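Quick note: the coordinates plus some simple rules give every number you see, no bench work behind them. All figures in this text were calculated on a predicted structure; none of them were measured in a lab. For neighbour counting, all protein chains shown are included, and Cβ atoms are generated from backbone atoms with ideal geometry for every residue, glycine included.
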Amino acid sequence: MTSATRSGLIVPLEEYLVHEVIMGMLSAKYGGSALVDRWVQDHQKDAWRKQAKASGYRARSAFKLKQIQERHKIIKPEDSVLDVGCHPGGWAQVAVELVGSKGKVVGVDLQSCIPVEGANLIVGDITEPFTQQAVLDAIDTEVIDVVVSDISPHITGKWDIDQAVSLMLVADVFDFALPILKYGGHFVTKLFQGIGVEELIELVRPHFQTVKRFSPMASRNSSSEVYLVCKFHTPKRGPDWEIRPAFETALEERQGGPEPLDDVEPAKSTFTIRKRNTPKE
Ligand SMILES: C[S@@+](CC[C@H](N)C(=O)[O-])C[C@H]1O[C@@H](n2cnc3c(N)ncnc32)[C@H](O)[C@@H]1O
């Protein structure tokens, strides 16, 4: 035996044994503390990065899409795929491999990517009408087979803000892409776990036959990200309102309704209250 499996990665046996010995020593010293967890996380992220480099992928995130595909079979040869938040191009590389020469991959991101052969990668903000039109032009068919979105907003470091912004972005991507997703098509998106996730999933659920959360091995150590795998689009069954406004309303309701307004100026009215003339006695 020359190799062993660690968290789904094939690693040389010697490296695996060294890893196990070090883990034993760290656990004995720190007793399974957060420090050990952190060490493991960094080490495993590094291993995925090395594996990505060795396989010619631009980012370790490529393995997340590969593992989603392995489990859920979302992309098939000749499909047309929209890749939202495609920079630096790892998912686009995997999508091109999966659709083959008769398929189509269109990607979009705020940042420009080094070209990926077989994909058309557009620079722009997917929430902007101008970019949306460019994407529609590039797709050049009425409907698309699969949407994959790894979109994440610029991280400010303030967790609750980042998480809330990311869910709003996801809602926007659904609103743009659902009308062009074919009947029976699939939609995969990254979510950051936290407030609002359940509400968003409930709004999306009626649009698909199945909606499942999936945590690929390659992202298990990175915080709270999870992927929502929505399969078999059912356009006629889903409600016809937009996801984003409905999501904002759901969040308001969760917080007990809209915030009360500060002092409200009384509206001007022509209505006057007349004093009734009561006859004098
Ligand atoms: C985690 S990266 C995607 C990695 C990619 N899946 C890969 O494998 O190479 C998330 C991307 O979402 C992009 N993004 C964030 N907001 C966006 C928006 N409004 N429109 C388009 N892309 C956006 C970011 O620029 C970032 O490159």
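Order of His154, His207, His186, His72 from fewest to most other C-beta atoms within 10 Å?
His154, His72, His207, His186
What fraction of the DSSP beta bridges in the stretch 62-254 is antiparallel, stated in percent and rounded to the nearest 5?
Antiparallel: roughly 40 percent of the beta bridges in the stretch 62-254.
When the chain is fully extended, how far beyond the present Cα-Cα distance does Glu142 get from Arg213, taking 0.36 nm per residue of separation?
Net length gain for the segment: 22.7 nm.
Hey, got the Cα dimensions of the stretch 62-254 along the principal axes, in Å, largest first?
Taking max minus min along each principal axis of the Cα atoms, the stretch 62-254 gives 47, 38, 35 Å.
Towards the positive end of the charge dipole of the stretch 97-185, with charges on Cβ (+1 Lys, Arg; -1 Asp, Glu), say which of Ser166, Leu121, Ser152 has the farthest Cα.
The residue sitting farthest along the positive end of the dipole is Leu121.
Give the calculated FRET efficiency between His154 and Arg237 to the nearest 0.05, with a Förster radius of 41 Å applied to their Cβ-Cβ distance.
In this case the efficiency is close to 0.70.
Report the gain in length on full extension from Ala54 to Leu110: 0.36 nm times residue separation, minus Cα-Cα distance, nm rounded to one decimal.
17.5 nm
If neighbour count is taken as other Cβ atoms inside 10 Å, put Cys113, Cys86 in order from fewest to most.
The order, fewest Cβ neighbours first, is Cys113, Cys86.
If amide H atoms are built 1.01 Å from N in the plane of the peptide, which residues on other chains or at least 5 residues away come under 5 Å of the amide H of Ile151?
Counting only residues 5 or more places away or on other chains, the set is Lys190.
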